[in-house]
Structures are given as structure tokens and as C-alpha cells.
Amino acid sequence: MFSFHDGPNKHAPKSANWELVTRLFRRIPWVAMERPTLTSSKSWPWATVIITVAALIISAYARFFDVLIYQRSLIFSGQIWRAWTGHVVHFGPSHLAWDLAVFLPAGCWLESLRPRCARWLYLFCPVIISLILLAFDPTLERYAGLSGLAMGTLVLLAIVQLTNKNEAPWLWLGVLLLATLKLALELRQGAPLLVSDFANIRNVPLAHIGGVGCGVLCWFFLGRVKHV
């Protein structure tokens, strides 16, 4: 058996000597700082990336369109997966590009800050939006696009950053203001902003309102406490 003494022990094993040196070294203040761990570092936004890649693949292969798009009559006939998958289907390149231009950066940012909150939003927000459309827009047979989820993600990110003392509040208040103005303009003109692939695309501001509501509710139930 070996024991530690104040003086050097020539018979102590190298591992024991190294452990003693390590203990003394850790008493130095800058060495004693907490080591970074996977739980203390920012999370990699894998869920955002998966949704983005799925939207790109579906857009590239037309045969997925009819199988995955939100279609009211088919959802009521039992194809309930369309309530979620319809949100990663898009009507054209411009529609896809503008949705991803908002969703991808906002989603990556949000998921790195609040991974648990972001992933729950991704899971439930598309379904909630679809339920709102089924209940309150019976004339809408087909719907597609990430815009509702993107709005919810952006609003949730803005709320999270407004509570961050290291962030400029005016910037994120501006983001919320721009989102509100976009929604108001679409409600007024009855057509989506920025998307020009198809002239017969009907604007669905109810989906954007649902997305914003999901973002706010997600913050209320999950976002006020930082989860990793």
C-alpha cells in the first residue's frame, strides 16, 4: 500500500505523483475555472438543419409533393401526417427560398440558445397551425410552406433575445415590429409578400398568426427558463 506524505515519496507510483501535481495545479485560479462541457456549450442546431434539408429534398423531387402536402380532404380521410409534412412542401423555388431565408438563420440561432424550446416548437407548431386551418378556414383545400413555423421561430427568438441583458433591445423590438408590419400588409392586400412563383397562391395569414401564437406560448411554458 502507498500513502501520501508532505515530502516526496520515491516509492510512490507515477500515477499517484501525477495526481498530486494535478491537485496542486488546479488550485491556481485560472486553472480552477469550470471546464466547458456539452451541457454548458451552445447546442448544435441539428433539428433546424434536418427540417431545412427535408424541405430542399422535397422541393427537388416532385413526386413527394402530392404525398406530403397539406390537403384538407385527405387529412380528414385519415392521412394525418399531412398536418405536419405539409409545412416542408413548397409551391416553387421563390416560395422555398424566402421561407428558408427566415427559418434557417432564425432557427439555428434559436436552437443554439434554447434547444429544448426550439425543438418542441418544431414538433408541435406545424400541427397546431394545421388544426387552426382545418377549424377556421374550411375553404382552404391545400396549404404548403414553412412561413408559419418561420414566423413563430423568429418571434420566439426575438422574445428570447429581449430577455438577454447582453443584447440590444431596440434591435429585437424592431424585428417584432417588422414581423407585425408584414402580417398587417398581407392581411390588407390578401397576397403573400416577396413570393412570385404562382399568381394564384392565396395568402394564409391565419397560418402566420398561428405560428406567432405558438412562439409566444412556447416562450411562456418553456422559454423563460434556460434549458440545455
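Remarks
- Subset of segment 92-101 [touching a helix residue (DSSP H, G or I) at 6+ places or on another chain (Cβ under 9 Å) and surrounded by fewer than 19 Cβ atoms within 10 Å (Cβ to Cβ)]: GLY92, PRO93, ALA101
- Segment 110-148, subset hydroxyl-bearing (Ser, Thr, Tyr) and crowded, with 20+ Cβ neighbours inside 10 Å, residue modelled with the lowest pLDDT: SER147
- ASP99 being free of Cβ contacts under 8 Å to residues at least 60 places away in the same chain and of a type in the set (Asp, Glu): yes
- When the helices (runs of 4 or more DSSP H) confined to segment 8-106 are screened for residues that are modelled with pLDDT of 95 or more, those reaching at least 1 such residues are found at 46-60, 65-68, 72-76, 82-85.
- Applying the criterion of being under 17 Å from THR153 (Cβ atoms) and small (Gly, Ala, Ser) to the residues of segment 175-208, the residue that is modelled with the highest pLDDT is ALA207.
Okay, residues lined up against (1) in contact (Cβ under 8 Å) with a residue 60 or more places away in the chain; (2) outside any loop (DSSP other than H, G, I, E, B):
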{"residue": "ARG119", "(1), (2)": "yes, yes"}
{"residue": "TYR122", "(1), (2)": "yes, yes"}
{"residue": "PRO126", "(1), (2)": "no, yes"}
{"residue": "GLY152", "(1), (2)": "yes, yes"}
{"residue": "LYS165", "(1), (2)": "no, no"}
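- Qualifying positions in segment 116-174 - β-branched (Val, Ile, Thr) and under 17 Å from VAL204 (Cα atoms): VAL127, ILE128, ILE129, ILE132, THR139
- Selection of first residues in segment 40-69 that are within 16 Å of HIS95 (Cβ to Cβ) and of second residues that are of a type in the set (S, T, N, Q) and crowded, with 16+ Cβ neighbours inside 10 Å, restricted to Cβ pairs under 8 Å at least 6 apart or on distinct chains, gives the following pairs, ordered by first then second residue: LEU68/THR85; ILE69/THR85.
- Against the list (1) at pLDDT 95 or above; (2) within 15 Å of VAL216 (Cα to Cα), the condition GLN161 fails is (1).
- Selection from segment 70-81 of residues that are without any contact (Cβ under 8 Å) to a residue 40 or more places away in the chain, under 20 Å from TYR122 (Cα atoms) and touching a helix residue (DSSP H, G or I) at 6+ places or on another chain (Cβ under 8 Å): TRP81
- Segment 139-155: number of residues that are aliphatic (A, V, I, L, M) and closer than 17 Å to ALA55 by Cα: 5
- Residue count for segment 38-91 under the criterion of being among the small types (Gly, Ala, Ser), on the phi < 0 side of the Ramachandran plot and loosely packed, with under 14 Cβ neighbours inside 10 Å: the result is 6.
The values are calculated or read from the model by the stated rules, or taken from the named source; none is laboratory data. This structure is a prediction, so every number in the text was calculated from the model and none was measured. Glycine gets a Cβ as well: all are built from the backbone with ideal geometry, and neighbour counts include every protein chain shown.
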